[in-house]
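Data first, discussion second: the structure below is written as structure tokens.
The values are calculated or read from the model by the stated rules, or taken from the named source; none is laboratory data. What you see is a predicted model, and the numbers here were worked out from it, not measured in a lab. As a convention, Cβ positions derive from the backbone with ideal geometry for all residues, glycine included, and neighbour counts pool all protein chains shown.
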Ligand SMILES: *Cc1c(COP(=O)(O)O)cnc(C)c1O
């Protein structure tokens, strides 16, 4: 199948399960022409995980694309992208949140972020541990130039469908749990989870945003 067919198939599958789930087309490592093809199908939200690559593509592609930063973000690169991205999915430390806040203040903007959560305890290098989540949210909710929109999850690899279901359920419950605490400036509207291999399971568990790469663009 070609790119366009792949894209339409995935979009149909998502819409069939939940019309409100947003598709982020993860275009990392893929050429600008491929992104343009999907753009011409109507897709506007694209995900990248490297700052240099995002900046390169940003310059070459239409400016109504909403870029999502989904990779590990180094603090020294924050200033290069914060005014170019729609949402940073991967905020995983106080240091990073503070840096985004400082640079956003300098530019006079508010940056929308998701907090990356580490539910699997082992393996995943990045993400906030559940035991640190509430102090973390309380702290970064006071940073004026950051808007916390939600949470992001990357499951560890090779989980069974049943394990994924359990993990995704646990993750989904965080939305209710956090919102019930009524922390000032914290309203979790968006849960970003689900990738090529598990987006259907994710949507059935309440995903608001799925990040799909290889099923659209092909293997990397
Ligand atoms: C690469 C990547 C994806 C997309 O993965 P696929 O399996 O290709 O769909 C989603 N989220 C993050 C954070 C990624 O780095």
Of the conditions (1) under 17 Å from residue 90 (Cα atoms); (2) exposed (fewer than 14 other Cβ atoms within 10 Å of the Cβ); (3) in contact with a strand residue (DSSP E or B) (Cβ under 6 Å, 6 or more places away or on another chain), residue 179 fails just one. Which one is it? (1)
Scanning the range 159-176 for residues that are buried (at least 17 other Cβ atoms within 10 Å of the Cβ) and within 16 Å of the ligand (Cβ to nearest atom), the one modelled with the lowest pLDDT turns out to be 159
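If you go through the range 40-51 one residue at a time, how many are assigned to a loop (DSSP other than H, G, I, E, B) and either in contact (Cβ under 8 Å) with a residue 40 or more places away in the chain or within 12 Å of the ligand (Cβ to nearest atom) (or both)? Quick ask: steps written out before the conclusion?
Residues of the range 40-51 assigned to a loop (DSSP other than H, G, I, E, B): 41-44, 49-50.
Of the ones still in play, those that are also either in contact (Cβ under 8 Å) with a residue 40 or more places away in the chain or within 12 Å of the ligand (Cβ to nearest atom) (or both) are 49-50.
Selection size over the range 40-51: 2.
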Can you tell which of 96, 87, 54 is under 15 Å from the mean Cα position of the chain (by Cα), assigned to a helix (DSSP H, G or I) and modelled with pLDDT of 95 or more? 54
Anything in the range 57-69 that is within 16 Å of the ligand (Cβ to nearest atom) and assigned to a helix (DSSP H, G or I)? List them, or say none. 57
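Evaluate the following for residue 99: is it surrounded by fewer than 16 Cβ atoms within 10 Å (Cβ to Cβ), without any contact (Cβ under 8 Å) to a residue 40 or more places away in the chain and touching a helix residue (DSSP H, G or I) at 6+ places or on another chain (Cβ under 9 Å)? Explain how you work it out, then say what you get.
On the way: surrounded by fewer than 16 Cβ atoms within 10 Å (Cβ to Cβ): no; without any contact (Cβ under 8 Å) to a residue 40 or more places away in the chain: yes; touching a helix residue (DSSP H, G or I) at 6+ places or on another chain (Cβ under 9 Å): yes.
It is false that residue 99 is surrounded by fewer than 16 Cβ atoms within 10 Å (Cβ to Cβ), without any contact (Cβ under 8 Å) to a residue 40 or more places away in the chain and touching a helix residue (DSSP H, G or I) at 6+ places or on another chain (Cβ under 9 Å).
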Selection from the range 24-39 of residues that are more than 16 Å from the ligand (Cβ to nearest atom) and in contact with a helix residue (DSSP H, G or I) (Cβ under 8 Å, 6 or more places away or on another chain): 32, 37
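Return yes when residue 72 is on the phi < 0 side of the Ramachandran plot, in a loop (DSSP other than H, G, I, E, B) and either within 16 Å of the ligand (Cβ to nearest atom) or in contact (Cβ under 8 Å) with a residue 24 or more places away in the chain (or both) and no when it is not. Quick ask: steps written out before the conclusion?
Details: on the phi < 0 side of the Ramachandran plot: yes; in a loop (DSSP other than H, G, I, E, B): yes; either within 16 Å of the ligand (Cβ to nearest atom) or in contact (Cβ under 8 Å) with a residue 24 or more places away in the chain (or both): yes.
Here the answer is yes, as residue 72 does meet what is asked.
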